[in-house]
Amino acid sequence: MSENQFIVNIAGVTRSYRIGDSRLEVLRGIDWQVRRGSWSCLLGASGSGKTTLLNLIGALEKPDSGLLEVAGVDLGKLSRRAAAEFRNRKLGFVFQAYHLLPELTILENVMLPARLAGGGKADIRLRAEALLVTVGLAERLRHRPTELSGGEQQRAAIARALINGPELLLADEPTGNLDARSGQGILDLFTALRESHPTRSIVMITHNREIAQLADQVAELADGRLTVQE
Ligand SMILES: Nc1ncnc2c1ncn2[C@@H]1O[C@H](COP(=O)(O)OP(=O)(O)O)[C@@H](O)[C@H]1O
Ligand SMILES: [Mg+2]
């Protein structure tokens, strides 16, 4: 069953945007299968539709047509509310610009998705603290995001993405805003997380072919189509 073997199972997915009177066909028929526990990189020129495809996998948008199964769930059939719950329970998101909430401390940011999912505050706090130790931010729990470097903010965002034990981590150019050294630290962190959690899958957008070499599978978008290399 694809449900067990593949964390992502996409067949014939299309997505276009309406711009005035015309349509921009961004994804023209995508087929993609991502194995559970694997690390996939998604490459492609700027504007080729990488974020659009990741947003579909992340249940943030819906395809115009085609099959889109993630973690065994047919995303095309989910209501908005079910999609939000699916994201919270099954997925972790890491963005180029971190997207931490500025009014919350680092610890509160990491706790937030778990608070939304429900559960005891004391237990969630312990889990968040442990994750922040894992990502190297033990000394930054009470700081606000703006008091941290970009690399530190991204570490906090990764801890937040992990707090609900996601099956799939989706990262959209997670090193795109960082200098080479901080970016390398983030990649080392992804590598370590992968070793400590071999069943969790990663799909990462990147512009960088060196980063893509870390992956088990490289998928490249061009002209609305995807080419996959194992
Ligand atoms: N909400 C939207 N409305 C209209 N056009 C969009 C929208 N989102 C993205 N696009 C367009 O779709 C194309 C692909 O965008 P995107 O998926 O962000 O590409 P990438 O992440 O590869 O740079 C771009 O031409 C972009 O301008
Ligand atoms: Mg993008």
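Overview of results
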quantity	calculated
Which listed residue is closer than 21 Å to V13 by Cβ, in a helix (DSSP H, G or I) and either in contact with a Leu (Cβ under 9 Å, 6 or more places away or on another chain) or at pLDDT below 95 (or both), from A83, A59	A83
D64 being in contact with a Lys or Arg (Cβ under 7 Å, 6 or more places away or on another chain), surrounded by fewer than 20 Cβ atoms within 10 Å (Cβ to Cβ) and among the charged types (D, E, K, R)	yes
Residue in the stretch 93-110 that is of a type in the set (A, V, I, L, M, F, W, C), surrounded by fewer than 17 Cβ atoms within 10 Å (Cβ to Cβ) and in contact (Cβ under 8 Å) with a residue 60 or more places away in the chain present	yes
Residue satisfying condition, being within 16 Å of ligand 1 (Cβ to nearest atom) and either in contact with a helix residue (DSSP H, G or I) (Cβ under 7 Å, 6 or more places away or on another chain) or more than 18 Å from G58 (Cβ to Cβ) (or both), within set L221, L189	L221
Candidate set: the stretch 156-172, residues that are part of a strand (DSSP E or B) and away from ligand 2 (no atom under 16 Å from the Cβ); chosen: the one farthest from E129 (Cα to Cα)	L168
Any hit, the stretch 200-217, residues being part of a helix (DSSP H, G or I), within 16 Å of the chain's Cα centre (by Cα) and surrounded by 19 or more Cβ atoms within 10 Å (Cβ to Cβ)	yes
Residue within the stretch 6-17 that is within 14 Å of the chain's Cα centre (by Cα) and away from ligand 2 (no atom under 16 Å from the Cβ) present	yes
The stretch 218-230: number of residues that are touching a residue at least 40 places away in the same chain (Cβ under 8 Å) and either in a loop (DSSP other than H, G, I, E, B) or crowded, with 21+ Cβ neighbours inside 10 Å (or both)	5
Hits in the stretch 47-56 (condition: assigned to a loop (DSSP other than H, G, I, E, B) and either modelled with pLDDT under 95 or touching a Gly at 6+ places or on another chain (Cβ under 7 Å) (or both))	G49
Residue tally, condition within 16 Å of ligand 2 (Cβ to nearest atom) and under 21 Å from G76 (Cβ atoms), over the stretch 41-59	11
Failed criterion for S65 (all others in (1) within 16 Å of ligand 1 (Cβ to nearest atom); (2) at pLDDT 95 or above hold)	(1)
Residues satisfying the stated conditions in the stretch 19-58, i.e. at positive phi and buried (at least 22 other Cβ atoms within 10 Å of the Cβ)	G49
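Yes/no per residue for (1) under 28 Å from V73 (Cα atoms); (2) of a type outside the set (S, T, Y); (3) at pLDDT 95 or above:
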residue	(1), (2), (3)
V110	yes, yes, yes
G118	yes, yes, no
L132	no, yes, yes
E139	no, yes, yes
G150	no, yes, yes
A159	yes, yes, yes
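The values are calculated or read from the model by the stated rules, or taken from the named source; none is laboratory data. All values reported here derive from a predicted model rather than from experimental measurement. Every residue, glycine among them, receives a Cβ derived from its backbone with ideal geometry; neighbour counts consider all protein chains shown.
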